[in-house]
Amino acid sequence: MPSTIKKNYFTKEQEQTARFAKALGHPVRIAILGLLNSQACCYHGDMADELPIAKSTLSQHLKELKGAGLIQGDITPPTTKYCINRENFILAKTLLDKALE
């Protein structure tokens, strides 16, 4: 008999923590967040010039980070503007720290 997860077994906090963890589950995404977090303001330009990956691959990683709410801004060419979502970035740090206690 297959196992099933009871509905509402996990808290919203646990689900959000898992979403952030999934988005952070690739070294390129960690590098992207590090680059953006080091900026005094939003990053303008072609991030593919900063990272050793193809633009199409970069686009997929940016979509994952944006979907998790860790970045915000316009990630559609030709206009490129990438920003850390400070509120969610702090929330992710808090939730992950709590989960790893």
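The values are calculated or read from the model by the stated rules, or taken from the named source; none is laboratory data. For clarity, every value in this text was computed on a predicted model and none was experimentally measured. Using ideal geometry, Cβ is built from the backbone for each residue, glycine included, and neighbour counts are taken over all protein chains shown.
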TODO: State the number of residues belonging to the range 11-50 that are more than 19 Å from residue 67 (Cβ to Cβ) and at pLDDT below 90.
DONE: 10
Open item on the list: For the range 7-35, give me the residue count where each residue is out of contact with any Ser or Thr (no Cβ under 9 Å at 6 or more places or on another chain) and under 20 Å from residue 60 (Cβ atoms).
Closed with: 17
Open item on the list: For the range 68-90, give me each residue that is more than 24 Å from residue 19 (Cα to Cα) and exposed (fewer than 12 other Cβ atoms within 10 Å of the Cβ).
Closed with: 77, 78, 79
Task: Output for the range 39-48, where each listed residue is exposed (fewer than 13 other Cβ atoms within 10 Å of the Cβ) and either under 15 Å from the mean Cα position of the chain (by Cα) or among the aromatic types (Phe, Trp, Tyr) (or both) - done: none
Open item on the list: Looking at 65, 58, 36, 51 in this structure, which one is surrounded by 13 or more Cβ atoms within 10 Å (Cβ to Cβ) and assigned to a loop (DSSP other than H, G, I, E, B)?
Closed with: 51
